[in-house]
Amino acid sequence: MLTKFESKSARVKGLAFHPVRPWICASLHNGVIQLWDYRVGTVIDRFEEHEGPVRGVDFHLTEPLIVSGGDDYKIKVWDYKLRRCLFTLLGHLDYIRTVQFHPNASQFPWILSASDDQTLRLWDFQKRTCLSVLTGHNHYVMCAAFHPAEDLIVSASLDQTVRVWDTSGLRKKQSGEPAGPPPDPSLKGARAVGAAAALNVQAELFGTNDVVVKYVLEGHDRGVNWAAFHPTLPLLASAADDRQVKLWRMSETKAWEVDTLRGHANNVSCCLFHPKHDLVVSNSEDRSIRVWDVSKRVGVQTFRREGDRFWILAAHRSQNLLAAGHDSGMIVFKLERERPAAARGPGDKLYYVRGRELFCHDYAQATAGTSGVDIPIATIRRVGQQAQTDGIGSAPRFLTYNQHNPTEGNVIVCSEVDGGAYELITFSLSDASGSVTDGKRGACMGPAVFLGKNRFAVLDRHQRQVVVKNLNNETTKRVQSPVPNVDALLDGGASGRVLLRADDRVVLFEVQSRRVLGEIAAPKIKSAVWSPDGSKVALLCKYGVVIADRQLEQMCSISDTVRIKSGAWDVSPTGGTASELFIYTTLHHVKYCLPSGDTGTIRTLDQPLYAQRVVKDQMFCLDREARAKVISIDTTEARFKLALALKRYGQVMHMVRHSRLCGRAIVAYLQKKGFPEVALHFVREPKTRFRLALACGNIEAAMECAFTLEQQQEAEGSSKGNVWGELGSEALRQGNHQVVEMSYQRTKDFDRLSFLYLLTGDTEKLRKMLKISNMRQDIMGRYHNALLLGDAAERVKVLEESGNMPLAYISAKLHNLEEDAERIKIAIETNGGSVEGLLEKVPVGSKKGGCLLQPPTPIVRSDNWPTLPVQKTTLEDLEAAEATEQNGEDGYHHEETPVEDAEDTGDKNWEDDAFEEGMGGDGDDDLGFDDDGDGGWGDDLDLGDDFGIEPAKKPVDEMADLTKMSEDATFKMPTAGRPPAACWVENSSHAADHIAAGAASSAMQLLNRQIAASDFSVLKSSMIGSYIGSMMSMPGVPGSGSLSVPLLRNDVEGHPGAESLPRTSLKMKNLVTGIRSGYRFFQGGKFNDSKNAFSSVLADIPLVVADNRNEANEMKEMLEICREYITAVRIRGAMAENATNPSRSTELCAYFTHCNLQPTHLLLALRSAMGTAFKHKNYIVAASFARRLLELPDMSSQRNADLKVKATKVLQKSEQMARNEHTLNYNENATFAIDCKDFVPIYAGDNSLKCSYCGSVYSDENMKGKVCLTCNFCVVGVDTIGLVAGS
């Protein structure tokens, strides 16, 4: 069983498939009717007007109608487009079990219903009346159904009978044909009316003779739950509470029982004939679905479900889909896969299996209306018990053709019979059906793969080994899979290679050398399709496509919402799309995918098709019946995107001129990819064209569109300022101030216009602006223009006219306009004012005093500001592409170019395929190092792709052979310089420089790679300090923001330019200060403070840049000091915890003395250890500690005289006793390291793990991958390069 969809809900009592759409209607025991889309698994709608369980439901064949019947005795007809109930049919007196539309509902608008009131009813849903009541059963009628083609109805009842009814009389009556005996001519008038009324009462009570019983089938021992017609044969199937399914045959005169199918262990709820195979499917309350072979009359398959009883079955009218309802929902399923087994052969041939026949389809012999000629090759034999029945998964599943053998044809057909089996068929290529050799069979798992001319590989399903066999079916080699859980082999694309599918990944494996060549993640992969040249592979997954190169390096990955059915690479001989364009099909669409990751939809499909071959605008495919078809597809959009991605600009411009490329999607795509000038050639809508012109800086095209939009806006009466404002901004960016002037004039932006004239030095127009502002009575405009012109008299006049007399007087006095000042003074005094003290507020003669402003002299007086002239590219200049247009789309062939023409072909010889062929692949391993004066060491620093640096290429003009440049020129601004932060990241591999540049992500990646840092919260404060300390904020002029000035550490002899490096806030002196603080705290016994000081130094060391090698060595020494002291402090803490344990406390004291401490601190450690060991009567180790103490140089000083006496006495006493009271895990004569987790010795030769940063040692394997307990931010057990101290 292949489950396509599963839902969770209340008990499902009724099911019906929509005849066309991927919908299924489910009626539930809680009274709800659900409409599901089983393709995407979502509920489309819910209908909830029934009271109580709804047991029957059905779709109308042509109209948007649903009929339902429930335990509320009501039949409801729903319109699922209007999402409401249209009407209700009343008449049944008990629960309604099933309802059904007539199969020919357009001619006969009938509904058939069966009820527990022991009747069947036929309804006319257009007239909303009851046509006939079918009586005869004497118990609940559990089911009723129309015959799909004849005038028959079958019903099943708990009275243990199945009845077949003839509806031909009703059909003739409804269509106007004479039926039954003629009316009695002797009845007239009232007698005739009375007779008619009596007949109506009789019809209501006992039924009419329009529908008569044709057969009564008796044979079940208990009540019959279901009965169903065969779609084409005169057969019936019935299911009953006696746990049996019975088959019945009908003739014109009688019906009889054919056979009984036994196997269910409880009441059989439902049964039906499979619409496409000779199978009966039944389900039961024993929680199983069983499949029976009609011809052999035996059960062939059983599907069980734990905990849920099955109640209903439904079959799709046209597709191979079944549905079953159970206690907790429903499932939609198939009995077998419908994908035809097919494989591409040599040239134009396709090999596939239809039924039990192997065919060769020759596309070369295609004629008008056909895709080619089918040539039968061989009949595939049935193997295994299951294979004797069609329709339950016994059909061939996979087919593989041997592409490595040019002399004869080899085909392996694989199926899933008996867990997996294969059959090898060999035939002549000249006479395919003449000499066929078959019979070579075996067991396998999944498809087989040909490895060479006479070898193939299969997967052993028990041991999961790759088994290599020859064409005589003899095993020649067994190879263990390099990865576990391998469940299938796929084609490896070259001789000797296979793809191993394991879980959600694919491994490229070379069988001969047993090497893994590549690996890629591909969830739920189904198949692999290699391009014709073997350079790319498309991995088809359940919901996506992954495209990779021949080494399995991913090129792109796309996902889809529906299942991927098939795919094929384009094999067009011309056009440049071969091996570059991948076409794939889903359930209802044909789509394309490019290696660049671009995707799109080409067309829709009525039925699923399986693509086999794509040539230009034709897709050759197989349908589910394995019939070869050819459909037309339009790949213009895909070829256009491919030409853009491959920089074939001549082809791009040819398609722009001659293809129907339009739509917002293409325009948005071109803008996203940075080619707005291409879209500008075929977009005619003014608004979109205006945006594109601005995006590519084409001022002329933008002006043309602006004029058009202005006319449209004037006609509509809307504002026009926005368009001219945007055009002015772009023109200003390009320095085209003539267009800027026109834009400001049209938007009447007088302030900006005046400032523009000031910048360009056009004083004449500035004076005109003064006149305009005077005419407009714009006081502020007049004052600003007078200020920009330096016209003091005009400013005084403006101030005077605006009533600002004090300001006018001050301005006149400051500019020595005595006459004006005197006049204004009189005016002020006349109005009762005074000018005394006005000039005291103005500091005349100082820098803050007033001075006359004159317009600045422009640097350059010209039409527009100077810019760099650049020639138009091919994409901008359509005429320049005419040279390549003659080649057109057919001018691009994938042919190898001779080496002598490398200068003329641009970068075509630098393609990845050529590089791979030179550096690996199937060729020899000679890397071809030339003696170029470097002694053979020249290529060792090839950084490759890991650093994101492209290999050095010879500078060539990639446009040289595509087009002849136009003499017309446009302009663009000079290229902007690089910011300092970008230079810092590129120039240094030190994390401090990256964090100073703000590149926190790359800094953390560097720390992770170099010292396996993982918990960056410990480093947070140091990293923030490095970032803040690399820049200086300098205040700007009033009204503007502050300026950020980078601080450089290599600018002593001048600015380093692009080689700049940042100044870091942490220096060696900070580390030295931290170490000294730790020493001081340790000496004073403040162990927690000491540990914090050393931990702070550990966190600062990765972000300190050493100036020279000596500093780098000192930093590494500090690293060891911090590790030893932190370990010592942690042991000291453990000693306090184990004070009551004599042996453990003595051991910890001994380990404490083996930490690499300063002599002063070691003296304290030995003194403590000696006292502890002597107190616990461990005299041997006490004597050892006393000897080491007496050997220290500091013991000779006067201040340690008392300690020396005590040590001597302890040594004498210990040598007398010469025993340890406790057994200790300590050997003073052996060299050991201290486990930083458990504090036990790790001797030389023992397995251990180390922290790649601080060097702490651990013996516990469980510490691998965990954070170090010493430094608290690096991972244990990872091999790295270690601390990088310099940039």
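Details
- The residue list ALA149, ALA114, ALA105 contains one member that is open to solvent by less than 10 Å² (accessible area, probe 1.4 Å) and modelled with pLDDT under 95, which is ALA105.
- Any chance LEU500 is within 21 Å of LEU622 (Cβ to Cβ) and not β-branched (Val, Ile, Thr): no
- Among (1) closer than 16 Å to GLU1228 by Cα; (2) modelled with pLDDT of 90 or more, the one test that GLU1191 misses: (2)
- Total residues in the stretch 515-566, condition under 15 Å from LEU489 (Cβ atoms), part of a loop (DSSP other than H, G, I, E, B) and open to solvent by 30 Å² or more (accessible area, probe 1.4 Å): 0
- The stretch 52-73, subset closer than 11 Å to GLN100 by Cα and β-branched (Val, Ile, Thr), residue surrounded by the fewest Cβ atoms within 10 Å (Cβ to Cβ): VAL67
- Out of ALA341, ALA387, ALA364, one residue alone is farther than 30 Å from VAL224 by Cβ, open to solvent by less than 30 Å² (accessible area, probe 1.4 Å) and at pLDDT below 85. It is ALA387.
- Of the residues making up the stretch 1117-1157, those that are over 22 Å from ALA1182 (Cβ atoms) and β-branched (Val, Ile, Thr) are ILE1121, ILE1126, THR1127, VAL1129.
- Residue count, the stretch 74-102 (criterion: over 46 Å from the mean Cα position of the chain (by Cα), more than 23 Å from VAL212 (Cβ to Cβ) and open to solvent by 10 Å² or more (accessible area, probe 1.4 Å)): 6
- Test: residue in the stretch 463-477 that is open to solvent by 10 Å² or more (accessible area, probe 1.4 Å), outside any strand (DSSP E or B) and modelled with pLDDT under 80: no
- Taking the stretch 1-82 as the region of interest, the strands (runs of 3 or more DSSP E) fully inside it that hold 1 or more residues being of a type outside the set (Val, Ile, Thr), under 19 Å from TRP311 (Cβ atoms) and touching a Gly at 6+ places or on another chain (Cβ under 7 Å) are 2-8, 12-17, 23-28, 54-59, 65-70.
- Condition check for SER754: of a type in the set (Ser, Thr, Tyr), surrounded by 19 or more Cβ atoms within 10 Å (Cβ to Cβ) and more than 60 Å from the chain's Cα centre (by Cα): no
- Members of the stretch 102-144 that are assigned to a strand (DSSP E or B), hydroxyl-bearing (Ser, Thr, Tyr) and more than 16 Å from LYS74 (Cβ to Cβ): SER132, THR135
- In the stretch 1-29, residue modelled with the lowest pLDDT [restricted to those that are over 34 Å from the mean Cα position of the chain (by Cα) and open to solvent by less than 60 Å² (accessible area, probe 1.4 Å)]: ALA10
- All of ARG776, ARG746, ARG733 fail the test of being charged (D, E, K, R) and closer than 30 Å to ALA808 by Cα, apart from ARG776.
- Options GLY1054, GLY1078, GLY1074: the member that is open to solvent by less than 40 Å² (accessible area, probe 1.4 Å) and touching a residue at least 40 places away in the same chain (Cβ under 8 Å): GLY1078
- Odd one out for THR1223 among (1) of a type outside the set (D, E, K, R); (2) at pLDDT below 90; (3) closer than 28 Å to LYS1086 by Cα: (3)
- Scanning the stretch 680-691 for residues that are at pLDDT 70 or above and either surrounded by 22 or more Cβ atoms within 10 Å (Cβ to Cβ) or touching a strand residue (DSSP E or B) at 6+ places or on another chain (Cβ under 9 Å) (or both) yields ARG689, PHE690.
- Looking only at residues of the stretch 1147-1196 that are in contact with a Pro (Cβ under 9 Å, 6 or more places away or on another chain) and more than 24 Å from ALA1218 (Cβ to Cβ), we find that the one that is surrounded by the most Cβ atoms within 10 Å (Cβ to Cβ) is ASP1194.
- Residue ranges of strands (runs of 3 or more DSSP E) in the stretch 204-272 with at least 3 members closer than 21 Å to LEU134 by Cβ and open to solvent by 10 Å² or more (accessible area, probe 1.4 Å): 212-218, 224-229
- Scanning the stretch 1265-1276 for residues that are at pLDDT 90 or above and part of a loop (DSSP other than H, G, I, E, B) yields a total of 7.
- Residue ranges of helices (runs of 4 or more DSSP H) in the stretch 766-831 with at least 3 members more than 29 Å from TYR744 (Cβ to Cβ) and open to solvent by less than 100 Å² (accessible area, probe 1.4 Å): 805-814, 818-830
- Pair list, Cβ < 7 Å and 6+ apart or interchain, from the stretch 1221-1246 residues that are closer than 18 Å to ILE1131 by Cβ and open to solvent by 70 Å² or more (accessible area, probe 1.4 Å) to residues that are aliphatic (A, V, I, L, M) and not in a loop (DSSP other than H, G, I, E, B): LYS1237/MET1263
The values are calculated or read from the model by the stated rules, or taken from the named source; none is laboratory data. Here the structure is a predicted model, which is why all the values come from computation and not from measurement. As a convention, Cβ positions derive from the backbone with ideal geometry for all residues, glycine included, and neighbour counts pool all protein chains shown. Just so you know, the surface numbers come from the protein's heavy atoms only, side chains and all, with ligands and any DNA or RNA stripped out. Shrake-Rupley method; radii C 1.70, N 1.55, O 1.52, S 1.80 Å.
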